[in-house]
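The values are calculated or read from the model by the stated rules, or taken from the named source; none is laboratory data. Everything numeric in this text was worked out from a predicted model, so none of it was measured. No Cβ is skipped: glycine too gets one built from the backbone with ideal geometry, and neighbour counts run over all protein chains shown.
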Amino acid sequence: MDFLRAALPKATILDLSCNKLTTLPSDFCGLTHLVKLDLSKNKLRQLPADFGRLVNLQHLDLLNNRLVTLPVSFAQLKSLKWLDLKDNPLDPVLAKVAGDCLDEKQCKQCANKVLQHMKAVQAEQERERQRRLETDREAEKKWEAKQRAKEAQERELRKREKAEEKERRRKEYDALKAAKREQEKKPKKETNQAPKSKSGSRPRKPPPRKHTRSWAVLKLLLLLLLCVAGGLVACRVTELQQQPLCTSVNTIYDNAVRGLRSHDILQWVLQTDSQQ
């Protein structure tokens, strides 16, 4: 076939009948100058998909092959005026459209009807392709909308989690701050003799009972000291000093005085007093 293209680059008539051809290569359709083509009495099962490139073809003989259908590009053969599809196992619909080709008129009608049919097939396929594209676009739009909704939901979830985390940290900070204030208040309460009232007034005075009780204890201690001092004086200067009790008291007093005088600091104080 490459030989034919090289030898007949601008051939307008080509007869390949009775060659037992089973297929035609796709470069065969490069012979765009063909006007008349005879492929009858071969074993062709199908024509190349781009057979419609032969736009100048006017006469096509496909008698006695094994064709069932024609390529959709067949609708582009707008110059076709004569077609013979007899003795092919054509699809019933296509066979009914093609009809017979027993004379010039029938072959011309065959060419016209088949072209119209293939144009309708091509248009239907184009509509089907458009429907598939539209379906695919709708599916893609739905998928994109679903993805956007999912992303928006994820963003909202992240935003809510961030807000919750921020609120949690704020509460923790407030709790720590409150605890710190409580700790700062405790030492102030301990240093004060009495806590201040809410109105900021001065600490209340101790109850009168406690004051009276303290004076009573002090008076009792003074009375005891006076009694002891009186007994000591009685044992030292009166006739009672010969009594056993006074003897013991005087001995204790003398020992205490000697012990105090033997102390260095007390001696220094006594000497200072004597010098003055």
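Of all residues in region 56-85, none satisfies the criterion of being farther than 15 Å from Ile13 by Cβ, surrounded by fewer than 16 Cβ atoms within 10 Å (Cβ to Cβ) and of a type in the set (Gly, Ala, Ser). Every test in (1) modelled with pLDDT of 95 or more; (2) under 19 Å from Leu77 (Cβ atoms); (3) surrounded by fewer than 14 Cβ atoms within 10 Å (Cβ to Cβ) is passed by Leu39 save one, and that test is (3). Report yes if Glu156 is on the phi < 0 side of the Ramachandran plot, surrounded by fewer than 11 Cβ atoms within 10 Å (Cβ to Cβ) and under 17 Å from the mean Cα position of the chain (by Cα), otherwise no. Yes, satisfied. Scanning region 42-55 for residues that are assigned to a loop (DSSP other than H, G, I, E, B) and either crowded, with 16+ Cβ neighbours inside 10 Å or in contact with a Cys (Cβ under 6 Å, 6 or more places away or on another chain) (or both) gives Asn42, Leu44, Gln46, Leu47, Pro48, Asp50, Leu54. Within region 121-138, the set of residues being more than 15 Å from Ala75 (Cβ to Cβ) and among the polar types (S, T, N, Q) comprises Gln130, Thr135. Number of residues in region 23-36 that are over 25 Å from Lys86 (Cβ atoms) and either among the β-branched types (Val, Ile, Thr) or crowded, with 21+ Cβ neighbours inside 10 Å (or both) equals 1. Of the residues that make up region 65-76, is at least one among the β-branched types (Val, Ile, Thr) and either on the phi > 0 side of the Ramachandran plot or not in a loop (DSSP other than H, G, I, E, B) (or both)? For region 65-76, residues among the β-branched types (Val, Ile, Thr) and either on the phi > 0 side of the Ramachandran plot or not in a loop (DSSP other than H, G, I, E, B) (or both): present.
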